[in-house]
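The values are calculated or read from the model by the stated rules, or taken from the named source; none is laboratory data. This structure is a prediction, so every number in the text was calculated from the model and none was measured. A quick note on method: Cβ atoms are made from the backbone with ideal geometry, for glycine too, and the neighbour counts reach across all protein chains shown. Accessible surface is based on the protein model in full, side chains and every heavy atom, while ligands, DNA and RNA are left aside. Shrake-Rupley method; radii C 1.70, N 1.55, O 1.52, S 1.80 Å.
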Amino acid sequence: MYSTSNLLRSFSPHSPFFPLSIHHTTSSLPLHLTSPRRLHYSKQNRAFDPAQFESERLRLDEKARNSMAAEAAAVGTSGGEEKQWKWRIRKRVWDLMEAEGIARNPRPVHHRIPNFDGAASAADKLGQLEVFEKARCVKVNPDSPQKQVRFLTLTGAKKLLTPQPRLRTGFFSVLESQSVPAGSILEACTSVGAAKYGKPIGLNEKIKVDLIVIGSVAVDPKTGARLGKGEGFAELEYGMLRYMGAIDDSTMVVTTVHDKQLVDDIPVEKLLIHDVPVDIICTPTQVIFTNTAIPKPQGIYWEKLSPEKLGQIRILRELKRRIEKETSTTLPCGPSEKLPPTAKRGRR
């Protein structure tokens, strides 16, 4: 097992405690982590069933939201302050969006990256950014309020990298407009379309991501501190891209939100080491450069991953097994219930 000092380090290719580089894996252990079972989601396979895919996605979505609602309720009644503050902010924003008529389908917006009135306008402001115009490959989350961002990416002759929902039906898919049939671009911007027309990739894919677009529930324009819906998948996706060498500290992170999702009470000192800050915020009315001083995660923090989270995501389990086999070590695993320790935050 790793010592206590080792547990405080991320297991990324750039960490001195991580001897395995994704580009130096042995030929006997290629990291092709897209299984044949998941290949039926690709555009090349005629057996792809959009209705079945969407039904399963909605089932998992409902299950996950019910689980998050139960967790939020439990934290609200018996959790300590270190667990309660994020849920208080999320609930306040979700309630406000519904009460003021800002929320848009899918409803209710609780326990989701909330869709909002003006989402397309916020996306259009993002599309006018120099960093977007110059980007050749853009990673965009699969949620409803960022659908217009995915559309602008594909119609802008860029590569669109998007994760399968909750990473449970696959890993990342890459889409390019020339690989999408004429008249199907809008469909390709949906979860079903991404699975239908996208090319699945594994962790050994050599890809450079120029810009990350991330969904948010709440974000602080002064610090760049961000809260997601509470599942942690955006952080895992970011960590895996760091592991792949696809991004680094200089890769800009942008979010699109409604102005009502801007908050000023996210305590930076309580953020966790894997929480992803944002560099730019686009709303329907403004563009904000946060000049964030919050350090970006350096990779996958295995000691923060609970057995339950590993159990949800097959690709993480496969990656963990392969790293352990190649390094002849046992990677740490986080506790089942205890909240991971907070990160030491300071200026970069």
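Using the Cβ of residue 255 as centre and a radius below 10 Å, the other residues enclosed give a net charge of 0, where K and R count +1 and D and E count -1. Electrostatic tally near residue 190: other residues with Cβ closer than 13 Å to its Cβ, Lys and Arg +1, Asp and Glu -1, net +1.
A Förster radius of 30 Å combined with the Cβ-Cβ distance from residue 98 to residue 130 puts the calculated FRET efficiency at roughly 0.30. Quick one: how many lysine pairs does the range 202-348 have with C-alpha atoms less than 19 Å apart and a gap of 8 or more or different chains? Give me the count, please. Lysine pairs meeting both conditions in the range 202-348 amount to 22.
Counting heavy atoms of the protein chains alone, residue 147 has an accessible area of about 80 Å² for a 1.4 Å probe. For the range 268-275, backbone phi angles converted through the Karplus equation (6.51, -1.76, 1.60; θ = phi - 60°) give residue-by-residue couplings of 4, 5, 9, 5, 8, 5, 9, 5 Hz, Gly and Pro being listed as x. For the range 99-205, the list of GluC sites (Glu not before Pro) that fall in a loop by DSSP and count at most 13 other C-beta atoms within 10 angstrom reads 100. Spherically averaged projected area of the convex hull of Cα atoms, the range 197-337: 10.0 nm². Please report, as a whole percent, how much of the solvent-accessible surface of the range 191-348 comes from carbon and sulfur atoms (probe radius 1.4 Å). Carbon plus sulfur share of accessible area: 50 percent. Under 19 Å of direct C-alpha separation, and excluding same-chain neighbours fewer than eight residues apart, residue 125 reaches these aspartates and glutamates: 117, 133, 143, 210, 220, 259, 279.
Applying both filters, DSSP loop and at most 11 other Cβ atoms within 10 Å, to the trypsin sites (Lys or Arg not before Pro) of the range 176-249 gives 206. For residue 213, the residues 5 or more places off, or on other chains, whose built amide H falls under 5 Å of its own are 139, 140, 141, 254.
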